[in-house]
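Take a look at the structure below.
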Amino acid sequence: MNGPHDLGGRMGFGPVLPEADEPVFHAEWEKRALGATLCCGALGLWNIDESRHARECLHPADYYSSSYYEIWTKALEVLLVRHGCVTGEELETGHAKRPSTIDRPALKAQAVPETLARGGPCDRPASEPVQFAVGDRVRVRNLNPQGHTRIPCYAKGKVGAVEEVAGVYVFPDDNAHGRGENPQWLYRVVLTGRELWGEDGDPNLTVSIDAWESYLERA
Amino acid sequence: MTNSHDHDHDNHFDPMTARVKALETILTEKGLIEPEAIDAIVDTYQNKVGPQNGARVVAKAWANKDFAQWLRDDATAAIASLGFTGRQGEHMRAVFNGPQTHNLVVCTLCSCYPWSVLGLPPVWYKSPPYRSRAVMDPRGVLEEFGVTLGNDVNIRVWDSTAELRYLVVPQRPDGTDDLDEDALAALVTRDSMIGTGFARPVT
């Protein structure tokens, strides 16, 4: 979706403001928000693509006026309600009104190190022949799905070169919507600053995106 | 007017503290989360997994040509050999700065970041100013970090739009031939591994 999250090349957000000696967390609630998000994710009711989509579906005014952990928290509430873990009424009152019907064990503290160290690899065995090779010229297709996608708007319609055939990975556009993993070949595509930004683009700039095969066509 | 109902979650906390407390309370009451697991996650990213991990990787690459080559060829395995694996580091790539090439990592679509080697991303990395401009005006962004590159230096921006995670290996500072890996690691900053900084010079 062409949502508020798709920020490459947008203007008007002002300067980057690095914070000297920035702490890992700026408030106690940020710790709990991060932890709750990871613990709930470990229930296995949704995947990373669905959670990213929940974040980008926030209203643009809400997205831009929220800090990142606020975005995470708001999206987590959406996911918990969608999957029947909590109700709007419970969120309103701050207490459980009825027992959980979710038959999944909570993540235990002892299991945290192993769970985090394992992560969630999303590469898969290849089942289809690879379509593009290193050096091929490809155009990023002008696709504008209503649902989740990982094509950044600034690259649509632009032509670049395949730099790496990176393997086969779970396809987020389907995985985010419960349509299965449908893994596809993933390519790193390099585009020049001039191709992306026109004659005022930095002549010594190149930008790469990582694109699933169905995002690309031969140029 | 007095507050007649006694919601303990919304009468003396700021809005986000109240909101997250409410969420944690409900989820704990339902048995869907255990607060101790949240504590363990926080402890991991506050005390165990952070840029010190990436600094070990970079220092080893500087000190050991074979390791540097392994890092170029199979970053996930090379990094795992130092014990750094897992969430948001499952599929790693290492990219090497040189005299004529400067690498910069961004995620324009969310906040993808190599947690296993850098920990959690700083606020600016997740914020619209950086995400919007890194791909279009990286030299301007770098100036805001106090990093000035010659106009003839090529900038390569890596937009993390899939599940590959990028670690920048900064250039090794001059005058470090005699330093061991521990001393080298102390020169490697978080920002130098994102591309918004250089490694520290030897003082």
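The values are calculated or read from the model by the stated rules, or taken from the named source; none is laboratory data. Only a predicted model underlies this, so the values are computations on that prediction, with no experimental measurement involved. Here the Cβ is made from the backbone with ideal geometry for all residues, glycine too, and neighbour counts use every protein chain on show. Just the protein is used for accessible areas: all its heavy atoms, side chains included, with ligands, DNA and RNA removed. Shrake-Rupley method; radii C 1.70, N 1.55, O 1.52, S 1.80 Å.
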Q. Hey, any hits in segment B:163-184 for a residue that's within 14 Å of the chain's Cα centre (by Cα), part of a loop (DSSP other than H, G, I, E, B) and at the interface with chain A (Cβ under 9 Å from one of its Cβ atoms)?
A. yes
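Name the one entry in B:200, B:133, B:172, B:156 that is among the basic types (Lys, Arg), surrounded by fewer than 24 Cβ atoms within 10 Å (Cβ to Cβ) and closer than 30 Å to residue A:154 by Cα. I'd like the intermediate steps shown before the answer.
Values: B:200 fails: closer than 30 Å to residue A:154 by Cα; B:133 fails: surrounded by fewer than 24 Cβ atoms within 10 Å (Cβ to Cβ); B:172 fails: closer than 30 Å to residue A:154 by Cα.
Result: B:156 is the single residue among B:200, B:133, B:172, B:156 that is among the basic types (Lys, Arg), surrounded by fewer than 24 Cβ atoms within 10 Å (Cβ to Cβ) and closer than 30 Å to residue A:154 by Cα.
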Q. How many residues, within segment B:68-84, are touching a residue at least 12 places away in the same chain (Cβ under 8 Å) and open to solvent by less than 60 Å² (accessible area, probe 1.4 Å)?
A. 8
Q) Which members of segment B:47-66 meet the condition of being surrounded by fewer than 20 Cβ atoms within 10 Å (Cβ to Cβ), more than 14 Å from residue B:190 (Cα to Cα), out of contact with any Pro (no Cβ under 9 Å at 6 or more places or on another chain) and not small (Gly, Ala, Ser)? A) B:47, B:64, B:65, B:66
Q) What number of residues within segment A:157-189 satisfy the criterion of being within 12 Å of another protein chain (Cβ to nearest Cβ) and open to solvent by less than 30 Å² (accessible area, probe 1.4 Å)? A) 14
Q | In segment B:175-197, the residues that are surrounded by 19 or more Cβ atoms within 10 Å (Cβ to Cβ) and of a type in the set (Val, Ile, Thr) | A | B:188, B:194, B:196
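In this structure, does residue A:89 turn out to be out of contact with any strand residue (DSSP E or B) (no Cβ under 8 Å at 6 or more places or on another chain) and either at the interface with chain B (Cβ under 7 Å from one of its Cβ atoms) or touching a residue at least 12 places away in the same chain (Cβ under 8 Å) (or both)? Quick ask: steps written out before the conclusion?
Details: out of contact with any strand residue (DSSP E or B) (no Cβ under 8 Å at 6 or more places or on another chain): yes; either at the interface with chain B (Cβ under 7 Å from one of its Cβ atoms) or touching a residue at least 12 places away in the same chain (Cβ under 8 Å) (or both): no.
Against the criterion (out of contact with any strand residue (DSSP E or B) (no Cβ under 8 Å at 6 or more places or on another chain) and either at the interface with chain B (Cβ under 7 Å from one of its Cβ atoms) or touching a residue at least 12 places away in the same chain (Cβ under 8 Å) (or both)), residue A:89 does not qualify.
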Q) Taking segment A:111-140 as the search range and keeping residues that are closer than 22 Å to residue A:174 by Cα and within 14 Å of chain B (Cβ to nearest Cβ), which one is least open to solvent (accessible area, probe 1.4 Å)? A) A:140
**Q.** Pairs, first assigned by TED's automatic domain parsing to the domain that holds residue A:55 and part of a loop (DSSP other than H, G, I, E, B) in segment A:7-19, second surrounded by 11 or more Cβ atoms within 10 Å (Cβ to Cβ) and of a type in the set (D, E, K, R), C-beta under 9 Å, six or more apart
**A.** none
(Q) Please go through (1) more than 7 Å from chain B (Cβ to nearest Cβ); (2) open to solvent by less than 30 Å² (accessible area, probe 1.4 Å) for residue A:94 and return the number of the only condition it doesn't satisfy. (A) (1)
